[in-house]
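What follows is a set of notes on a single structure, which appears directly below.
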Amino acid sequence: MDYDIIVVGAGASGLMSAIAAGRLGKKVLVIDQKDKAGKKILATGNGKCNFTNLYQAPDCYRSDDSAFAMKVLSCFNVDRTIEFFEELGIYPKERNGYLYPNSEQAASVVQVLLLECKRLGVHFIFEETVMKIIKPHYTLITLDKENGKEKKYYGKKLILATGGCASPKLGSDGSGYNLAKSLGHTILKPLPALVSLRSPDKFCKTASGVRTMAKVEAYGNHKLLDREEGEIIFTDYGISGIPIMQLSRFVAKALDQGQKVYLKLDLLTKASYEEILSMLQNRWNQNKNKTMEELLIGLLNNKLAYVLIKEASLDPIKPGKEISIKEIKLLANKIKSFQVNIKATNPFDNAQVSAGGVSTKEINEKTMESKLSKNLYLCGELVDVDGTCGGYNLQWAWSSGYLAGISAAKP
Ligand SMILES: Cc1cc2nc3c(=O)[nH]c(=O)nc-3n(C[C@H](O)[C@H](O)[C@H](O)COP(=O)(O)OP(=O)(O)OC[C@H]3O[C@@H](n4cnc5c(N)ncnc54)[C@H](O)[C@@H]3O)c2cc1C
């Protein structure tokens, strides 16, 4: 059968593009290699789907061309996204600007998208992997997972919405990069983003399970990459938490370039170095029987306090009478500036998103059409745009998918 538009990928951007094109009366086919649509959407926001955010700014979207995402977003912004989902039945629930469906079920988002696709007569093929694309009138060759046979589909226009390679078990296994490459596109090296970081430092294991507020600065070759603040979590393998995930894109890039990467943690953000020093001195003067470790009781988590003392090369059980002011200063310094070395990010399996992808230089930001291959459109995570935590990756998928869909539907 011949279709006006074939969409490869039934994820957030693919479903959105199919709806946008279907609403303009086009005959649309969506092909996906998984057994159902929107598998990744179901995993978003811990199953609650943080589908967008009221706060939008350029630094929420990262790319080699930082202006590209905002241009695309201006064509289908957050207000239009909320309106779009409200029309489909998603009543938004807001928490600090983060929007979720009121049902707090990611499944609701997938359901309304599929109901709309059904209303518009969008066709779906599941469990077939698009292996090859032949131009000019697009011929797609798929591999049927059930019987291992090749099949062919024809579409006047093609939308690639295959995602990147983060969380490949949800469908996005990176095969979309090869398809885009076969059509002439440049792929900026995909790297895991919104992911936890691995450290060679043994103290991470000792502090494993400790959650604490911190200001975090990431450095590559002693140059500040970026900074974040929020709750961090020490783990057996390293360090996690929202600020760490936000920084991970820059860390991944620096590591890929062979830089020495480390984090500097400020573990008591509300007090200055001088305030901490005087606090520790007061505790020390009040009771000289307290050991080094006991000086920190009630100030920091005891596991973390132990780690800081050890990392300052101090003795946790040294009695107060033998402690020197130099040692108290060393401790205060560790609390304000604690270094965690980073050797790697966690792999794509654990990443929420991929940084890198199809170069935006090769895509028209007004249409999402390829500048290299006529009637080919690219959208979603496949493209070199990744958002920070907070609903920005889905917003990018909705905006770029919508623009690709309406543009492909135009004569
Ligand atoms: C655990 C987790 C939680 C997240 N939480 C949030 C959140 O709360 N808010 C937020 O904004 N973002 C979140 N994200 C990120 C967000 O889900 C993704 O950026 C977004 O869903 C990407 O949409 P997409 O359409 O580009 O790609 P995908 O959703 O990955 O869809 C791509 C589809 O293409 C199919 N496909 C790929 N290659 C082929 C091929 N060759 N042939 C046929 N089919 C193919 C795949 O099977 C897949 O269904 C989260 C991600 C993860 C993993």
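The values are calculated or read from the model by the stated rules, or taken from the named source; none is laboratory data. Since the model is a prediction, treat every value here as computed from it, not as a measurement. Cβ placement follows ideal geometry from the backbone for every residue including glycine, while neighbour counts extend to all protein chains displayed.
Residues 403, 382, 372: which one is within 17 Å of residue 63 (Cα to Cα) and either modelled with pLDDT of 95 or more or touching a Lys or Arg at 6+ places or on another chain (Cβ under 9 Å) (or both)?
Details: 403 fails: within 17 Å of residue 63 (Cα to Cα); 372 fails: within 17 Å of residue 63 (Cα to Cα).
Matching residue, one of 403, 382, 372: 382.
Say whether the condition of being at pLDDT 95 or above, within 13 Å of the ligand (Cβ to nearest atom) and over 23 Å from residue 394 (Cα atoms) is met by at least one residue in the range 192-211.
If we filter the range 192-211 for residues that are at pLDDT 95 or above, which is where we start, we get 192-211.
The next check asks that each one be within 13 Å of the ligand (Cβ to nearest atom); those that pass are 192-196.
Filter again for over 23 Å from residue 394 (Cα atoms), leaving none.
Scanning the range 192-211, I find no residue that is at pLDDT 95 or above, within 13 Å of the ligand (Cβ to nearest atom) and over 23 Å from residue 394 (Cα atoms), so the answer is no.
Please go through (1) touching an Asp or Glu at 6+ places or on another chain (Cβ under 9 Å); (2) under 20 Å from residue 380 (Cα atoms); (3) of a type in the set (A, V, I, L, M); (4) more than 10 Å from the ligand (Cβ to nearest atom) for residue 88 and return the number of the only condition it doesn't satisfy.
It is condition (2) that residue 88 fails.
Can you confirm whether residue 144 is among the acidic types (Asp, Glu) and in contact (Cβ under 8 Å) with a residue 12 or more places away in the chain? Quick ask: steps written out before the conclusion?
On the way: among the acidic types (Asp, Glu): yes; in contact (Cβ under 8 Å) with a residue 12 or more places away in the chain: yes.
When the stated conditions are applied, residue 144 passes them.
Does residue 31 satisfy the condition of being in contact with a Ser or Thr (Cβ under 9 Å, 6 or more places away or on another chain) and near the ligand (Cβ under 6 Å from one of its atoms)?
Values: in contact with a Ser or Thr (Cβ under 9 Å, 6 or more places away or on another chain): yes; near the ligand (Cβ under 6 Å from one of its atoms): yes.
For residue 31, the condition - in contact with a Ser or Thr (Cβ under 9 Å, 6 or more places away or on another chain) and near the ligand (Cβ under 6 Å from one of its atoms) - is met.
Taking residue 350, is it within 12 Å of the ligand (Cβ to nearest atom) and not assigned by TED's automatic domain parsing to the domain that holds residue 43?
Details: within 12 Å of the ligand (Cβ to nearest atom): yes; not assigned by TED's automatic domain parsing to the domain that holds residue 43: yes.
Answer is yes for this residue.
Among 304, 268, 277, which is surrounded by 15 or more Cβ atoms within 10 Å (Cβ to Cβ) and either assigned to a loop (DSSP other than H, G, I, E, B) or in contact with a Cys (Cβ under 6 Å, 6 or more places away or on another chain) (or both)?
On the way: 304 fails: either assigned to a loop (DSSP other than H, G, I, E, B) or in contact with a Cys (Cβ under 6 Å, 6 or more places away or on another chain) (or both); 277 fails: either assigned to a loop (DSSP other than H, G, I, E, B) or in contact with a Cys (Cβ under 6 Å, 6 or more places away or on another chain) (or both).
Testing whether each residue is surrounded by 15 or more Cβ atoms within 10 Å (Cβ to Cβ) and either assigned to a loop (DSSP other than H, G, I, E, B) or in contact with a Cys (Cβ under 6 Å, 6 or more places away or on another chain) (or both) leaves just 268.
Take the residues in the range 91-138 that are under 25 Å from residue 378 (Cβ atoms) and of a type in the set (Asp, Glu); name whichever of them is farthest from the ligand (Cβ to nearest atom).
Looking at the filtered set, the residue picked out is 116.
Return the residue satisfying two criteria in turn: it lies in the range 166-185 and is among the hydrophobic types (A, V, I, L, M, F, W, C) and more than 8 Å from the ligand (Cβ to nearest atom), and of such residues it is farthest from residue 9 (Cα to Cα). Show your work before the answer.
Filtering the range 166-185 down to residues among the hydrophobic types (A, V, I, L, M, F, W, C) leaves 166, 170, 179-180, 183.
So of that shortlist, the ones also more than 8 Å from the ligand (Cβ to nearest atom) come out as 180, 183.
Values: 180: 13, 183: 17 Å.
For the range 166-185, the residue satisfying everything is 183.
Here's the yes/no breakdown for (1) acidic (Asp, Glu); (2) within 14 Å of the ligand (Cβ to nearest atom); (3) touching a Lys or Arg at 6+ places or on another chain (Cβ under 7 Å):
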{"site": "141", "(1), (2), (3)": "no, yes, yes"}
{"site": "164", "(1), (2), (3)": "no, yes, no"}
{"site": "217", "(1), (2), (3)": "yes, no, yes"}
{"site": "224", "(1), (2), (3)": "no, no, no"}
{"site": "235", "(1), (2), (3)": "no, no, no"}
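Any idea which of (1) closer than 16 Å to residue 5 by Cα; (2) surrounded by fewer than 13 Cβ atoms within 10 Å (Cβ to Cβ) is the one residue 138 doesn't satisfy?
That leaves (2) as the condition not met.
Got a sec? Which of 64, 59 is out of contact with any Phe, Trp or Tyr (no Cβ under 7 Å at 6 or more places or on another chain) and assigned to a helix (DSSP H, G or I)? Show your work before the answer.
On the way: 64 fails: assigned to a helix (DSSP H, G or I).
Matching residue, one of 64, 59: 59.
Is it the case that some residue within the range 9-18 is of a type outside the set (Ser, Thr, Tyr), more than 9 Å from the ligand (Cβ to nearest atom), touching a residue at least 60 places away in the same chain (Cβ under 8 Å) and surrounded by fewer than 22 Cβ atoms within 10 Å (Cβ to Cβ)? Even if it seems obvious, please write down each step before you answer.
Of the range 9-18, the ones of a type outside the set (Ser, Thr, Tyr) are 9-12, 14-16, 18.
Right, trim to more than 9 Å from the ligand (Cβ to nearest atom) and you get 18.
When the remaining residues are screened for being touching a residue at least 60 places away in the same chain (Cβ under 8 Å), the result is 18.
Subsequent filtering for residues that are surrounded by fewer than 22 Cβ atoms within 10 Å (Cβ to Cβ) retains none.
No: zero hits.
I'm checking my understanding of the structure. Among residues of the range 229-255 that are under 17 Å from residue 390 (Cβ atoms) and among the polar types (S, T, N, Q), which one is surrounded by the fewest Cβ atoms within 10 Å (Cβ to Cβ)?
240
Would you mention how many residues in the range 330-347 are buried (at least 16 other Cβ atoms within 10 Å of the Cβ) and more than 16 Å from the ligand (Cβ to nearest atom)?
If we filter the range 330-347 for residues that are buried (at least 16 other Cβ atoms within 10 Å of the Cβ), which is where we start, we get 330-332, 334-336, 338, 340, 342, 344-346.
Filter again for more than 16 Å from the ligand (Cβ to nearest atom), leaving 330-332, 334-336, 338, 340, 342, 344.
Total satisfying the criteria: 10.
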